[in-house]
Number of protein chains: 2
Amino acid sequence: MSVTIVGTVALDSIETPKGKFENILGGSATFAGVAAGLFSPVDIVSIVGEDFPSEHISFLQANNINTDGVLTVPGKTFHWSGYYKDDMNQAYTIATDLNVLLEFDPTLPEAAANRPYLFLANLDPVIQKQVILQSKSPKLIVLDTMNYWIETKITELKDVLKLVDVLIINDQELRLLTGQTNIIPGLPEVLKLGPKRVIVKKGEHGSVMYNGSDYFLLPAFPLPNLIDPTGAGDSFAGGFVGYLAKAGTTDEATFQRAMIAGTLISSHTVQGFSLEPLKTLTLDHLNEQFAIFRSYAGLPEGI
Amino acid sequence: MSVTIVGTVALDSIETPKGKFENILGGSATFAGVAAGLFSPVDIVSIVGEDFPSEHISFLQANNINTDGVLTVPGKTFHWSGYYKDDMNQAYTIATDLNVLLEFDPTLPEAAANRPYLFLANLDPVIQKQVILQSKSPKLIVLDTMNYWIETKITELKDVLKLVDVLIINDQELRLLTGQTNIIPGLPEVLKLGPKRVIVKKGEHGSVMYNGSDYFLLPAFPLPNLIDPTGAGDSFAGGFVGYLAKAGTTDEATFQRAMIAGTLISSHTVQGFSLEPLKTLTLDHLNEQFAIFRSYAGLPEGI
């Protein structure tokens, strides 16, 4: 099956202890789209400015992504600049230039509106809701968000959360959203807001899924060298949704394998700047890594 | 098989967001000993003052522990007082009164010197080495330490590390010992110091074992309510060693199950003050929890 992903397509300027790059390809829909495209056909719905290099569009199209929903308008592309300190656990923002993102008022192309899997990558919750309402009988709706929306648009965010199946957030966002210092007591609080299932990303510490009765606790893939964490969460979520769409089923074991897929892809994302590490990633290599990861985490073949 | 544990037996004064208690039973050998005693006969080697309540000795003896090696001398028992803030991730020390610990110069009783499993709980590395040299043909030597010894007695610590099979430390201690900000690249650095195997405890994020070629990544048991983290690391290590001693084998799967045993026991320790939660813990209950934990972590029966 196929996936529609709505989110940002951006140009990032990033400095980490391992290097510094200006105006490189980024954005929540970009990372999520390329990750999901490893498994399933993807439609991206987003907006860019006239400065957006056409080779980036070609790159997306070469990676299983339909870009008919990526609108080009006069002005500059959304630009995020930031840096990471030594432990790279947190992104520090220097500037967020919304630019053309201020005009983003998406109308889903026919094809995108008909995709059975819908992933609302990090974006204004008002727009996320608009997109859900335009989607025709989606099979599964997955949503990501960030601190900024929890702090500034909590009412709108709670409004859209009533409509989603799976919420994917990180540990800091869970604390902010639920007021719980620890993750575990925060999980049922999330489900009270609407989602049937929540996944919390904990970076180097892995992720946890909660469906209202059972947990699934997954470590991260062990990495000796981290280059740039930007896009790790987006590629985790994109890989998760893409894997689910390929499988076409929504039983527990499929959700668990989808988390492993997201874990493995995001472990590649952080080993280089921008989308570079994903350019050479193949499904064959991912399948080999599934086996290695199972061994490290003690998991049986079935997962 | 049986275990000798050398470490502190203490009286603690502790405040957490969930309560405050003065002069309650604590110490690295106490927590480790009671945890290990769930699986195997234990000898504790330690020192206490004349103020140490005899009911604590009776409690240890009632929990599979031989206390012939616990010396009582004139003076006051080792006393630690500290507190935890809201997230309970870090202990803040108010006072460390070494008291009779200053005179600790252990001579292992015959029985303790002959135990095949030796666990050197957190203690001065000079004393840890003394104990190893008194131990007669140990089958497995496991060692724990803390920031204080890494900062003040690194030469002596490196000296004893050459003699141990397994080092168990937490993530902060690993960073301090290896100078590596991230855990994964720190693991091979530890093995260069002597241990054949290292286990890093990450609190609510679980633990990781590395044997020089393979990792074993284990989540923590999900807990909705944390009362007092004191002794969590000691009971993890004690449960680990006690389980190994009971099994009597040192293959990878046994080491992995031993980590789960430590994980489960420490999840009880943190749900109350002092040793209270361990007083009612039974092997039957632990076995039920093994099954639940396997389900949460996706692990098969064999692990």
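We did not get these values from a lab; they are worked out from the coordinates using the rules stated. Bear in mind the structure is a predicted one, so any value in this text is a computation, not a measurement. Cβ placement follows ideal geometry from the backbone for every residue including glycine, while neighbour counts extend to all protein chains displayed.
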Problem - Taking chain B and dividing mean pair separation by its residue count, relative contact order in percent (alpha carbons under 8 Å, at least six apart) - result: 18
Exercise for the section: For the stretch A:29-43, take each phi angle, set θ = phi - 60°, evaluate the Karplus expression 6.51 cos²θ - 1.76 cosθ + 1.60, and give the result in whole Hz per residue in order, putting x for glycine and proline. Expected result: 6, 5, 4, 5, x, 5, 5, 5, x, 5, 10, 9, x, 10, 10
Fill in the blank from the handout: For the stretch A:78-95, in residue order, the Karplus 3J(HN,Hα) values (coefficients 6.51, -1.76, 1.60; θ = phi - 60°; whole Hz; Gly and Pro = x) are 3, 10, 10, 10, x, 8, 10, 8, 3, 7, 6, 7, 9, 8, 9, 7, 8, 8
Fill in the blank from the handout: So the FRET efficiency between A:THR152 and B:ASP86, C-beta based with R0 = 30 Å and rounded to 0.05, is 0.75
Practice task
Just check the stretch B:117-263 against the gyration tensor rule for me: Cα atoms, a ≥ b ≥ c as the square roots of the eigenvalues, rounded for a/c under 1.5, and otherwise prolate or oblate depending on whether a/b exceeds b/c.
Solution key: rounded
Fill in the blank from the handout: The whole-number value in µm²/s of the Stokes-Einstein translational diffusion coefficient for chain A, with Rh from the Kirkwood sum over alpha carbon pairs at 25 °C and 0.890 mPa s, is 129
Practice task
Convert each backbone phi in the stretch B:233-248 into a coupling constant with the Karplus relation 6.51 cos²θ - 1.76 cosθ + 1.60 (shift: θ = phi - 60°), then list the ³J(HN,Hα) values in order as whole Hz, x for Gly and Pro.
Solution key: x, 5, 6, 4, 5, x, x, 4, 5, x, 5, 4, 5, 5, 5, x
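How big is the charge dipole of chain A about its Cα centre, in debye rounded to the nearest 20, if each Lys and Arg gets +1 on its Cβ and each Asp and Glu gets -1 on its Cβ?
About 740 debye.
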Problem - Environment charge of A:LEU25, counting only residues whose C-beta is closer than 10 Å and scoring Lys/Arg +1, Asp/Glu -1 - result: -3
Completion exercise
Here the gain from full extension of A:ASP68 to A:GLU15, 0.36 nm per residue of separation minus their alpha-carbon distance, amounts to 15.9 nm
Problem - Residue (of B:SER13, B:ILE24, B:ILE154) at the positive-pole extreme of the stretch B:3-297, dipole from beta-carbon charges - result: B:ILE154
Handout entry: Share antiparallel - DSSP beta bridges, the stretch B:3-297, percent rounded to 5
Key = 40
Completion exercise
Output row for B:LYS139: copy-to-copy label distances, label 7 Å along Cα→C-beta, ascending, in nanometres, one decimal, is 5.3
Problem - Amide H contacts of B:GLY69 (H built 1.01 Å from N, under 5 Å, at least 5 apart or other chain) - result: B:ILE44
Practice task
Taking the Cβ of A:LEU218 as the centre, find all other residues whose Cβ is under 12 Å away and add up their charges (Lys, Arg: +1; Asp, Glu: -1).
Solution key: +4
Fill in the blank from the handout: Per-residue ellipticity at 222 nm attributable to helices in chain B (runs of n ≥ 4 DSSP H, -39500 (n - 2.57) apiece, nearest 500 deg cm²/dmol) works out to -11000 deg cm²/dmol
Completion exercise
The alpha-carbon center of the stretch B:172-212 and that of the stretch A:62-84 are separated, in whole Å, by 40
Handout entry: Taking the stretch B:19-129 and dividing mean pair separation by its residue count, relative contact order in percent (alpha carbons under 8 Å, at least six apart)
Key = 24
Practice task
Could you please report the charge total around B:SER2, scoring K, R as +1 and D, E as -1 over all other residues with beta-carbon less than 11 angstrom from its beta-carbon?
Solution key: +2
Completion exercise
Magnitude of the Cβ-charge dipole (Lys and Arg +1, Asp and Glu -1) of the protein assembly as shown about the Cα centre, nearest 20 debye, reported as 860
